[in-house]
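The values are calculated or read from the model by the stated rules, or taken from the named source; none is laboratory data. Please read all numbers here as calculations on a predicted model, not as lab measurements. Note: ideal-geometry Cβ built from the backbone for every residue, glycine included; neighbour counts use all protein chains shown. What goes into the accessible areas is simple: the full protein's heavy atoms, side chains included, and nothing from ligands, DNA or RNA. Shrake-Rupley method; radii C 1.70, N 1.55, O 1.52, S 1.80 Å.
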Amino acid sequence: VQLVESGGGLVQPGGSLRLSCTASGSIFNLIGMGWQRQAPGNQRESVAVITDTGTTAYMNSVKGRFTISTDDAKNTVYLQMDNLKPEDTAVYYCYFSTASHSHWGQGIQVTVSS
């Protein structure tokens, strides 16, 4: 199974982007999906997660600005990012998790700059 990300790019502060991550095949016993990010010189951090039952959680700095969601088939996970700030600049990675392991996307660059 491969995860393909799209939707990244360059945006001005205050702008919006929508990241998508689509699995190439079915993932059985899925328990959750999410997004992490890593800025240069920083550790990777968890941005948002969504469980198979739809429960969501966000890191504090993105609450109220980012929204994680999935399609009905749970083949795609989205991250709607609004009111973007320069500190949101990072490579964003999606993942799909089962009880035993996680599948990861290749990473996509998001740059917030004027």
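Brief remarks on what is shown
- Residue match in region 25-37 (condition: of a type in the set (D, E, K, R), assigned to a loop (DSSP other than H, G, I, E, B) and surrounded by 13 or more Cβ atoms within 10 Å (Cβ to Cβ)): no
- So TYR58, is it modelled with pLDDT of 95 or more and either in contact with an Asp or Glu (Cβ under 6 Å, 6 or more places away or on another chain) or open to solvent by 50 Å² or more (accessible area, probe 1.4 Å) (or both): yes
The rows are residues; the columns are (1) within 11 Å of the chain's Cα centre (by Cα); (2) not β-branched (Val, Ile, Thr).
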residue	(1), (2)
ARG65	no, yes
ASP71	no, yes
LYS85	no, yes
ALA90	no, yes
TYR95	yes, yes
GLY107	yes, yes
THR111	no, no
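- Filtering region 60-103 to residues that are in contact (Cβ under 8 Å) with a residue 12 or more places away in the chain and of a type in the set (Lys, Arg) leaves ARG65, LYS74, LYS85.
- Test result for GLU45, modelled with pLDDT of 95 or more, acidic (Asp, Glu) and surrounded by 15 or more Cβ atoms within 10 Å (Cβ to Cβ): no
- Count of region 80-94 residues which are open to solvent by less than 30 Å² (accessible area, probe 1.4 Å) and either part of a strand (DSSP E or B) or more than 17 Å from ALA39 (Cβ to Cβ) (or both): 4
- For region 59-79, a tally of residues being closer than 21 Å to SER24 by Cα and assigned to a strand (DSSP E or B) returns 7.
- Summed over region 15-24, residues that are assigned to a strand (DSSP E or B) and of a type in the set (S, T, N, Q) total 2.
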